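All remarks here apply to the structure that follows.
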Amino acid sequence: MRTRTLSNDLIERFAHIVGDAHALTRADDQAGYLTEWRDRYTGKTPVVLRPGSTEEVSRILALAHTEDVAIVPQGGNTGLVGGQIPSLVGNEVVLSLGRLKAVRDVDAAGGTMIVEAGVTLHAAQQTAIAAGRIFPLSLASEGSAQIGGVLATNAGGTAVLAYGNARSLTLGLEAVLADGRVWNGLRRLKKDNTGYDLRDLLIGSEGTLGVITAACVKLFPTPAERETAIVALQSPKHALRLFRMAEAEAGGALTAFEFWAHRAQEFALSYVPNLRDPFTDAYPWYALIELSHGGTGARIPNTIEPFLASAHAKGLISDATIARSLRQAENFWQLRDAFSEAQKGAGGSIKHDISVPVARIPEFLERAAAVVERVCPGARPVPFGHFGDGNLHYNVSQPEKMDRAQYLALWDTMAEAIFDLVTQLDGSISAEHGIGQMKREALVRYKSAVEIDMMRAIKHALDPKGILNPGKLL
């Protein structure tokens, strides 16, 4: 870890690149860049730099490389593993990409769009809609999450089942390397078999190999109609059977299959305003199913209602509510998106973003409940997530009468126990949030020595001085 203190002269040289108005040195101005929203990670920095162009990013990294200064790239500061927060040593420069928010090009006919790193996910979605297309990547934090950060962490979200994660939705990148050189890989090609895939190498690298400044992303036809329903289930095994049935009968029309426990819904209704329970009675488990049809604008016959009727006849669902309007469908999604926020109201929460093979989700949930009870009797699991791609947010809230700090002190013990189970089931300790600071030590434990050696070799080749996001991922 670097201990060098940046001189005032060096800080001024950095500030000169972006202009004094975009070089933040006052504590009040820096505050929003130094703490992540869960308040788990807080850092210090001599200066927050807010470049307005790729050329300024290049000049910043060239100077940092020459002077051996650590750089922490940051997007919308919505990350959940501390990858965007500098250390408490106070000598790492925060590089905020929020001013790079131009939409450089929209090619509706070709199904592509070039956006800069600071464009929010919501803005990218709206730009696509204005062009008569959709950009399907969707997260609860999409109003703040920026394209650069979304790609740096290879974010997933609710549409992975049909469209894939951030990597799958990206055709090309522009990025600045550790020494300031700019790589222009903004290609629109779906096939380019000319050696190592540098795009995929940078996506998911969490700012440790280069700083993404722009991306060429895929656009898709706007569905003519979406059908959305929330169903009540008796068990995860019923959910698995229902998902397999939906896959078989709906095929490519199945665009979402979200899944959650009753406790997640109970917390959301208790702690997040303006939400409504879709059912009169309470059930152990729920799923949100969405079918998307066509791209011509013509309406098609109802398909979700007969599908649910058949599932009910087979004993797979206990009840169902179908959205009868766009507004009602939005209400269903608002309920689903509220689960993370709602847990704050229930006290301390130990969070796990994991994935297991879809067929093993019921087994994981059953065994994980026993693991939680062993580690902390009375702790309350709040599982929810993207059933169709095996990604569960297995969060665990504190026992009702336990001290919050005392509970959160069990974080590492609880995480290790859950990760051990995930590994036994051939899963991953991070499905979509990344590694950051939170899982850096765990990565070494659960990845093979060969994998870690390969990752370190790549890191050294692209960032030999180790100035890009030190202490993160590796």
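Would you mention how many residues in the stretch 400-418 are buried (at least 16 other Cβ atoms within 10 Å of the Cβ) and part of a loop (DSSP other than H, G, I, E, B)?
Counting residues in the stretch 400-418 that are buried (at least 16 other Cβ atoms within 10 Å of the Cβ) and part of a loop (DSSP other than H, G, I, E, B) gives 2.
Can you find, within the stretch 247-263, the residue that is nearest to Leu316 (Cα to Cα) among those that are outside any strand (DSSP E or B) and within 25 Å of the chain's Cα centre (by Cα)? If you could, list the steps in order and put the result at the bottom.
Step one: of the stretch 247-263, the residues outside any strand (DSSP E or B) are 247-253, 262-263.
Still in the running and within 25 Å of the chain's Cα centre (by Cα): 247, 252-253, 262-263.
Values: Glu247: 14, Gly252: 21, Ala253: 20, His262: 17, Arg263: 20 Å.
Among those that are outside any strand (DSSP E or B) and within 25 Å of the chain's Cα centre (by Cα), it is Glu247.
Table: residues versus (1) modelled with pLDDT under 95; (2) in contact with a Ser or Thr (Cβ under 8 Å, 6 or more places away or on another chain); (3) aromatic (Phe, Trp, Tyr); (4) surrounded by 17 or more Cβ atoms within 10 Å (Cβ to Cβ).
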site: Val57; (1), (2), (3), (4): no, yes, no, yes
site: Ile60; (1), (2), (3), (4): no, no, no, yes
site: Leu63; (1), (2), (3), (4): no, no, no, yes
site: Glu67; (1), (2), (3), (4): no, no, no, no
site: Gln74; (1), (2), (3), (4): no, yes, no, yes
site: Thr78; (1), (2), (3), (4): yes, yes, no, yes
site: Gly83; (1), (2), (3), (4): yes, yes, no, yes
site: Ala124; (1), (2), (3), (4): no, no, no, yes
site: Leu139; (1), (2), (3), (4): yes, yes, no, yes
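Quick one: which helices (runs of 4 or more DSSP H) lie wholly within the stretch 101-208 and hold at least 3 residues that are touching a strand residue (DSSP E or B) at 6+ places or on another chain (Cβ under 9 Å) and either among the hydroxyl-bearing types (Ser, Thr, Tyr) or closer than 26 Å to Val72 by Cα (or both)?
So the answer is 121-130, 147-152, 198-202.
Taking only pairs six or more apart or across chains, which ones have beta-carbon atoms under 6 Å, a first residue in the stretch 411-429 that is over 18 Å from Cys376 (Cα atoms), and a second residue that is of a type in the set (Asp, Glu) and part of a helix (DSSP H, G or I)?
none
Would you check which residues across the stretch 438-470 are buried (at least 20 other Cβ atoms within 10 Å of the Cβ) and modelled with pLDDT under 95 and list them?
Correct list: Met438, Lys439.
Hey, any hits in the stretch 311-318 for a residue that's touching a helix residue (DSSP H, G or I) at 6+ places or on another chain (Cβ under 7 Å), of a type in the set (S, T, N, Q), surrounded by fewer than 21 Cβ atoms within 10 Å (Cβ to Cβ) and more than 18 Å from Gly385 (Cα to Cα)?
Scanning the stretch 311-318 turns up no residue that is touching a helix residue (DSSP H, G or I) at 6+ places or on another chain (Cβ under 7 Å), of a type in the set (S, T, N, Q), surrounded by fewer than 21 Cβ atoms within 10 Å (Cβ to Cβ) and more than 18 Å from Gly385 (Cα to Cα).
Looking at Tyr407, Tyr394, can you tell me which residue is among the hydroxyl-bearing types (Ser, Thr, Tyr), touching a residue at least 60 places away in the same chain (Cβ under 8 Å) and under 24 Å from Arg38 (Cα atoms)?
On the way: Tyr394 fails: touching a residue at least 60 places away in the same chain (Cβ under 8 Å).
Unique residue meeting the criteria: Tyr407.
Is the stretch 26-42 home to any residue that is more than 28 Å from the chain's Cα centre (by Cα) and either in contact (Cβ under 8 Å) with a residue 60 or more places away in the chain or not in a helix (DSSP H, G or I) (or both)?
The answer is yes, given that some residue of the stretch 26-42 is more than 28 Å from the chain's Cα centre (by Cα) and either in contact (Cβ under 8 Å) with a residue 60 or more places away in the chain or not in a helix (DSSP H, G or I) (or both).
Answer yes or no: is there a residue in the stretch 419-430 that is aromatic (Phe, Trp, Tyr) and crowded, with 22+ Cβ neighbours inside 10 Å.
From the stretch 419-430, those aromatic (Phe, Trp, Tyr) are 419; that's our starting set.
Next, only the ones that are crowded, with 22+ Cβ neighbours inside 10 Å stay: none.
No - not one qualifying residue is present in the stretch 419-430.
Can you name the residue in the stretch 53-83 that is polar (S, T, N, Q), in contact with a strand residue (DSSP E or B) (Cβ under 9 Å, 6 or more places away or on another chain) and not in a loop (DSSP other than H, G, I, E, B) and is also nearest to Lys101 (Cα to Cα) among such residues?
Pass one, the stretch 53-83, residues polar (S, T, N, Q): 53-54, 58, 66, 74, 77-78.
Filter once more, so that each one left must be in contact with a strand residue (DSSP E or B) (Cβ under 9 Å, 6 or more places away or on another chain): 53-54, 58, 74, 77-78.
Add one more test, that the residue is not in a loop (DSSP other than H, G, I, E, B), and what stays is 54, 58, 74.
Numbers: Thr54: 11, Ser58: 17, Gln74: 14 Å.
Step by step, filter the stretch 53-83, then rank; the result is Thr54.
Taking the conditions exactly as written (in contact with a Phe, Trp or Tyr (Cβ under 8 Å, 6 or more places away or on another chain) and crowded, with 24+ Cβ neighbours inside 10 Å), does Ala175 satisfy them or not?
The answer is yes for Ala175.
The values are calculated or read from the model by the stated rules, or taken from the named source; none is laboratory data. Since we're looking at a predicted model, the values are computed, not measured. Positions of Cβ are backbone-derived with ideal geometry, glycine not excepted, and every protein chain shown enters the neighbour counts.
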